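Okay, so here's the structure we're looking at.
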Amino acid sequence: MHHKVQPALEHYLGIPGSFITLFILIVGLALFFYIIYKRYLLLKSANPDPRFDSLWRRFYDLIIYGIFQKRQPRYLWIGILHIMIFWGFVVLILRSIALYGLGLKAEFILPFMGGSPGEFYHLFKDILEIIVLFACIAAILRRAISRPARYEFKHGKAHKFHAYLVLGLISFLMVTDIAMDGSGTLLGEKSDYWLPAANSVSYLFNGLGPDTLKTIYLWNYWLHILTLMVFLNYLPLGKHFHIITGIFNVFLSKLKKGSIKPPRWGVENIEELDSLGVDKVEDFTWKHILDFYTCTECGRCTDNCPANIVGRPLSPMEVTLKIRDYAYESNPIFNLKGKADSPDQNLHLIGNVITPDEIWSCTTCGACEEECPVFIEYIDKMVEMRRHLVLMESRFPPEIEKIFRNMEVYDDPWGMGRALRTDWAGDLKIKTITEDSDIDLLYWVGCAGAFDDRCKEVAASLVRVLQESGVTFGILGKEERCCGDFARRTGNEYLFQVLVRKNIEILKKCKVKKILTSCPHCYNTFKNEYPQFGGEFEVIHHSEYIAELIKEGNLKLSKELDKTISYHDPCYLGRHNGLYEAPREILKLITGIKTIELERSRDRSFCCGAGGGRYWMEEYGKRINETRIDEVIEVKPDIITTACPYCLIMLEEGIKAKEEVSGELKALDIIEIVEGTI
Amino acid sequence: MKRNAAVGLFTKPSNLKMNIIVCIKQVTHIYVQWGIDPETNTIDPEGLVYIVNPYDEIAVEEAIRIKEKLNGGEVTLITLGPSRAEMALRLCMAMGADKAIHIFEEAFEDLDPWVTSLALSKVISDLEYDLILFGKQAIDDGMGQVGAYVAESLSLPIVSAVTKLDFSPAGKKTTVQRALEKGDREVVKCPLPAVFTVERSLNKPRYPTFPARKAALTKVIQRTSLKSLGLSWDKGLEGTMIKLIGFSPPKLRPKKILVPDSNLPVHERLDFIMSGGIVDKGSELLEGDPKEIASKVVDLLVQQKIV
Ligand code: SF4
Ligand code: SF4
């Protein structure tokens, strides 16, 4: 392509165009790197976080979720629009570099962009510009007309302006570039291809004299490169920082779901620490701060948050935005207001920026993290803030003090004591694993199975099924203690570690290798958290184990069950551990059962409301479990089944509260269905 | 929002400094089930858990609150018990007590309140103090005598079942509210030093923070024993005046538990609990001529499945 007009050779007030370009470039980039440097400083002041392990896995995620944006179409149409804009952007970066080059040096061409590859790229980018422009306009209209509720930021300054500004800037960049190409075409920049955008626009300019065309060309050129620089500098100031940080955030995402971060990475014994938890911005890890930078304000997290849906005062997006706003205000890029006026850098977040109510409302269900297109984490942050409240200030919902004390004294949240731990077993004749027994499989009953009346039935049912299949297994009996899930998730790390150490000691003493659990919370804690303390065991959930037994023919299901059944995915089995299939397989293997999926299922399953210690806390207003039962009622199954004792209790209570179904709809653990069909 | 310091209402901040001694006991807390060891007539140790006697925990909390309020003084714990009693001392130190003295005695179960109080008085008489706090009673044996004996042997006034404490800013005098029967309260004045045994409603003990727990691990516990206190006591010595000869667990009675309907609004649930779950029986007055009434009565009897 031959350029007739050369911005680099133009003179303005005697200054050559190349100088002007250079000036814009240097000032713009200097400013940009200064802003990034400031943002980096805050990141650097934060706590450590090891995120450079499993590089292959990270590159894989980067390609799937970063480049191919796999999570975007979870919200179909806007997701497609986003992918269009994103890809347009990637391709158009080359064009931007080429334009700057052209401003510095006449006839500038990027390497490999001469000849037909250049021509082809030109065609490609011309088409993409139309697509991006179209997508931006669609996005603007959507925001303006249908106003999706999930974008609302209720407790802070509205950020809507930013969205419009950025969409406007992108559109403007497209328009100026197309106008440039359009006028260029008439000035004799002939392309090998018919360029849909450029050629169409050139019809508009038909009949204008060469001088006017040149002016149009140059004006659009300068506006374009200037806007580009403004755009670049604007990015780190608002939600569009994600254009830069998003890719990193995906690459650095948390790989081990289900485990809560230790109080300080690299510190094994918490007794070495003087302070635990998070109450200041720098108490977070650098990755968490990168999360704050990266949030796109898309509201998908909040849209799926059970606490938010039932009207609890928690919106994960707002947690991020409030902390981000505060972090930006207290770490200004240019301290124009002077020291005295700028907000206190050492403000306590809890109470001033985030309320304890928000922190305690989280069920640690992980719906937000599953949904976030840029992999922003919430559970660790919530738990870290709880750690501060519990361990440093002894402030927590009064109901759970009793539970903490119970776990400390009796080793279980119910406060029943180890003496009663085996009562559920009745006359089932279960072997107890001791130091010198050689039983390979340990059935870890869990506190719910041992103490809650309803869950005792489930534990007994599992035992009968195991006995029926001829499996050799044992329990720890009175030596079993709470696994600590609840203690950790309510921020009582101290108590958690005490329990973990005791449990690991006894498990090692009894040479336990394989643990079967019926509670996804025990399952998750053993699988993902005990290794942090040197407790490596093979852990298997009863749904997996039973599915195996059936498939291998060790367990014969001879009866039919003519019922419609829905399966409720427990968060700690599904989202946190990716175990979606086993329970569904079991249902498929039973003759007569008709299964029907709930509207929210698998990785979009809706929490029962018990996770994160919420089981033990008062719930005010609308209840999460009743909301879930409403969803169950919609698909009208005869039985709602699940594979978690807490879910079971919550679902059952939800059913009791609904007169219309109470007595008809039944909640059962998957194992009870299995036992019923033997 | 800090933990409310509703207790110990000081009219004026003063430069009073108080040294407070709190005597605590580690008790065995048995839940529903246990067995009796036929040889010793005591509870079978398997399945026992040890806790700080809850009344004593309240005494410790009160002492710490007084210290925090006055910004001075010291809280010293004393306990008599076997080596595991150290756990109880550490826990109370995590709450904020400064020092502890452990009168070490493995066979402490066999001591009667009189011997215990002699030992405590011996230790206390070497210390400086303005106030001695006890829990009203230990939940395991429920005797509630030691506080009184200690007051007696140190010739100090004693106020039992304290539900509220006030200090006069001028000197070492207190106004004390104590519990009588059925929720009645009486207010008494008492000079210091004195012995108070505290009631459950006095305060709500704190849940120790992590730094406090950590600090408690390094605090010094001074150890002594009955022997070194000059109480050469061994099993069966006449020092012990009462001896346990039998023990019987309660008969299990079906428990009636009040459970308010969880769907009721909070205030109604509260009303329900406060009223002890009394529900209006709801009676109906039958009207009409005798014949009608008679048939209504019959209907009612049928309806209620009485006939
Ligand atoms: S983990 Fe669940 S409850 Fe907590 S913020 Fe995320 S979506 Fe909401
Ligand atoms: S955290 Fe993620 S899902 Fe939530 S608003 Fe931010 S970018 Fe969207």
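The values are calculated or read from the model by the stated rules, or taken from the named source; none is laboratory data. Being a predicted model, the structure only gives us computed values, none of them experimental. Reconstructed Cβ throughout: ideal geometry from the backbone, glycine too, with neighbour counts over all protein chains shown. Just the protein is used for accessible areas: all its heavy atoms, side chains included, with ligands, DNA and RNA removed. Shrake-Rupley method; radii C 1.70, N 1.55, O 1.52, S 1.80 Å.
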If A:Phe284 passes every condition in (1) at pLDDT below 95; (2) more than 14 Å from ligand 1 (Cβ to nearest atom); (3) out of contact with any helix residue (DSSP H, G or I) (no Cβ under 6 Å at 6 or more places or on another chain) but one, which one does it miss? (1)
Failed condition for B:Gly144, given (1) under 20 Å from B:Val60 (Cβ atoms); (2) assigned to a strand (DSSP E or B), with all others met? (2)
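Quick one: is A:Leu255 touching a residue at least 40 places away in the same chain (Cβ under 8 Å) and under 30 Å from A:Gly168 (Cβ atoms)?
Details: touching a residue at least 40 places away in the same chain (Cβ under 8 Å): yes; under 30 Å from A:Gly168 (Cβ atoms): no.
Against the criterion (touching a residue at least 40 places away in the same chain (Cβ under 8 Å) and under 30 Å from A:Gly168 (Cβ atoms)), A:Leu255 does not qualify.
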Per the list (1) at pLDDT 95 or above; (2) small (Gly, Ala, Ser); (3) assigned by TED's automatic domain parsing to the domain that holds A:Phe52, residue check on A:Gly184 breaks on (1)
Look at A:Phe292 and say whether it is within 16 Å of ligand 2 (Cβ to nearest atom), open to solvent by 40 Å² or more (accessible area, probe 1.4 Å) and either free of Cβ contacts under 8 Å to residues at least 24 places away in the same chain or part of a helix (DSSP H, G or I) (or both). no
Kindly indicate whether A:Ser361 is more than 13 Å from ligand 1 (Cβ to nearest atom) and either modelled with pLDDT under 90 or open to solvent by less than 10 Å² (accessible area, probe 1.4 Å) (or both). no
Subset of segment A:465-481 (residues that are open to solvent by less than 10 Å² (accessible area, probe 1.4 Å), within 14 Å of chain B (Cβ to nearest Cβ) and in a loop (DSSP other than H, G, I, E, B)): A:Glu480
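When you look at A:Lys502, is it open to solvent by 10 Å² or more (accessible area, probe 1.4 Å), more than 14 Å from chain B (Cβ to nearest Cβ) and basic (Lys, Arg), yes or no? Let's see the steps before the verdict.
Details: open to solvent by 10 Å² or more (accessible area, probe 1.4 Å): yes; more than 14 Å from chain B (Cβ to nearest Cβ): no; basic (Lys, Arg): yes.
When the stated conditions are applied, A:Lys502 does not pass them.
If the requirement is being at pLDDT 95 or above, surrounded by 16 or more Cβ atoms within 10 Å (Cβ to Cβ) and of a type in the set (D, E, K, R), which of these qualifies: A:Arg312, A:Arg300? Step through it out loud before you land on a result.
On the way: A:Arg312 fails: at pLDDT 95 or above.
After ruling out the rest, the residue left standing is A:Arg300.
A:Val278: surrounded by fewer than 20 Cβ atoms within 10 Å (Cβ to Cβ), more than 16 Å from ligand 2 (Cβ to nearest atom) and hydrophobic (A, V, I, L, M, F, W, C), yes or no? Full working, then the answer.
On the way: surrounded by fewer than 20 Cβ atoms within 10 Å (Cβ to Cβ): no; more than 16 Å from ligand 2 (Cβ to nearest atom): yes; hydrophobic (A, V, I, L, M, F, W, C): yes.
Considered against the rule, which asks whether it is surrounded by fewer than 20 Cβ atoms within 10 Å (Cβ to Cβ), more than 16 Å from ligand 2 (Cβ to nearest atom) and hydrophobic (A, V, I, L, M, F, W, C), A:Val278 comes out as no.
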Given the options A:Asp49, A:Asp53, name the one that is surrounded by 15 or more Cβ atoms within 10 Å (Cβ to Cβ) and in contact (Cβ under 8 Å) with a residue 12 or more places away in the chain. A:Asp49
Just need a number here: residues in segment A:390-405 that are assigned to a helix (DSSP H, G or I) and either more than 10 Å from every other protein chain (Cβ to nearest Cβ) or open to solvent by 20 Å² or more (accessible area, probe 1.4 Å) (or both). 5
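Suppose the filter is open to solvent by 50 Å² or more (accessible area, probe 1.4 Å), within 30 Å of A:Phe334 (Cβ to Cβ) and free of Cβ contacts under 8 Å to residues at least 24 places away in the same chain; does A:Ile26 pass it?
Values: open to solvent by 50 Å² or more (accessible area, probe 1.4 Å): yes; within 30 Å of A:Phe334 (Cβ to Cβ): yes; free of Cβ contacts under 8 Å to residues at least 24 places away in the same chain: yes.
Against the criterion (open to solvent by 50 Å² or more (accessible area, probe 1.4 Å), within 30 Å of A:Phe334 (Cβ to Cβ) and free of Cβ contacts under 8 Å to residues at least 24 places away in the same chain), A:Ile26 qualifies.
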Do we find a residue being modelled with pLDDT of 95 or more, under 26 Å from A:Tyr410 (Cα atoms), more than 14 Å from chain A (Cβ to nearest Cβ) and surrounded by 17 or more Cβ atoms within 10 Å (Cβ to Cβ) anywhere in segment B:101-112? yes
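Go through segment B:158-208 residue by residue and tally those that are assigned to a strand (DSSP E or B) and among the acidic types (Asp, Glu).
Summing the residues that are assigned to a strand (DSSP E or B) and among the acidic types (Asp, Glu) in segment B:158-208 gives 2.
Each row is one residue, and each column tells you yes or no for (1) β-branched (Val, Ile, Thr); (2) touching a Leu at 6+ places or on another chain (Cβ under 7 Å); (3) away from ligand 1 (no atom under 16 Å from the Cβ); (4) not assigned by TED's automatic domain parsing to the domain that holds A:Cys455.
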position: A:Leu516; (1), (2), (3), (4): no, yes, yes, no
position: A:Asn524; (1), (2), (3), (4): no, no, no, no
position: A:Gln532; (1), (2), (3), (4): no, no, yes, no
position: A:His541; (1), (2), (3), (4): no, yes, yes, no
position: A:Lys559; (1), (2), (3), (4): no, no, yes, yes
position: A:Pro570; (1), (2), (3), (4): no, no, no, yes
position: A:Lys588; (1), (2), (3), (4): no, no, yes, yes
position: A:Ile593; (1), (2), (3), (4): yes, yes, yes, yes
Restricting attention to segment A:567-626, which residues are of a type in the set (Asp, Glu) and open to solvent by 30 Å² or more (accessible area, probe 1.4 Å)? A:Glu581, A:Glu585, A:Glu597, A:Glu599, A:Asp603, A:Glu618, A:Glu626
Test: residue in segment A:29-43 that is over 25 Å from the mean Cα position of the chain (by Cα) and open to solvent by less than 50 Å² (accessible area, probe 1.4 Å): yes
If you go through segment B:209-230, how many residues are of a type outside the set (Val, Ile, Thr) and either more than 10 Å from every other protein chain (Cβ to nearest Cβ) or in a loop (DSSP other than H, G, I, E, B) (or both)? 11
Consider only pairs whose beta carbons are under 9 Å apart and that are at least six residues apart or on different chains; among these, list those whose first residue lies in segment B:171-200 and is within 15 Å of B:Asn19 (Cα to Cα) and whose second residue is of a type in the set (Phe, Trp, Tyr) and open to solvent by 20 Å² or more (accessible area, probe 1.4 Å). B:Pro193/B:Tyr129
Regarding A:Asn308, is this residue without any contact (Cβ under 8 Å) to a residue 12 or more places away in the chain and either away from ligand 1 (no atom under 16 Å from the Cβ) or not in a loop (DSSP other than H, G, I, E, B) (or both)? yes
Residue, most open to solvent (accessible area, probe 1.4 Å), within segment A:364-381, restricted to residues that are closer than 20 Å to A:Val310 by Cβ and more than 8 Å from ligand 2 (Cβ to nearest atom): A:Glu369
Among the numbered criteria (1) β-branched (Val, Ile, Thr); (2) within 16 Å of ligand 1 (Cβ to nearest atom); (3) within 14 Å of chain B (Cβ to nearest Cβ), which single criterion is violated by A:Thr320? (3)
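I'd like to know if segment A:331-344 contains one or more residues that are more than 10 Å from ligand 1 (Cβ to nearest atom), within 14 Å of chain B (Cβ to nearest Cβ), open to solvent by 10 Å² or more (accessible area, probe 1.4 Å) and in contact (Cβ under 8 Å) with a residue 24 or more places away in the chain. Working first, answer last.
To start, the set of residues in segment A:331-344 that are more than 10 Å from ligand 1 (Cβ to nearest atom) comprises A:331-344.
Among the residues that remain, those that are also within 14 Å of chain B (Cβ to nearest Cβ) are: none.
Scanning segment A:331-344, I find no residue that is more than 10 Å from ligand 1 (Cβ to nearest atom), within 14 Å of chain B (Cβ to nearest Cβ), open to solvent by 10 Å² or more (accessible area, probe 1.4 Å) and in contact (Cβ under 8 Å) with a residue 24 or more places away in the chain, so the answer is no.
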Looking only at segment A:408-445, how many residues end up being closer than 15 Å to A:Ile506 by Cβ, more than 14 Å from chain B (Cβ to nearest Cβ) and assigned to a helix (DSSP H, G or I)? 0
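Provide a single number: the residues in segment A:91-145 that are part of a loop (DSSP other than H, G, I, E, B) and within 21 Å of A:Trp222 (Cα to Cα). Give the derivation first.
The first filter runs over segment A:91-145 and keeps only residues part of a loop (DSSP other than H, G, I, E, B), leaving A:105-114.
Cutting the leftovers down to within 21 Å of A:Trp222 (Cα to Cα) gives us A:105-110.
So the count comes out to 6.
Taking the conditions exactly as written (open to solvent by 10 Å² or more (accessible area, probe 1.4 Å), within 20 Å of A:Gly612 (Cα to Cα) and more than 16 Å from ligand 1 (Cβ to nearest atom)), does A:Pro262 satisfy them or not? Steps first, please.
On the way: open to solvent by 10 Å² or more (accessible area, probe 1.4 Å): yes; within 20 Å of A:Gly612 (Cα to Cα): yes; more than 16 Å from ligand 1 (Cβ to nearest atom): yes.
Judged against the criteria, A:Pro262 is a match.
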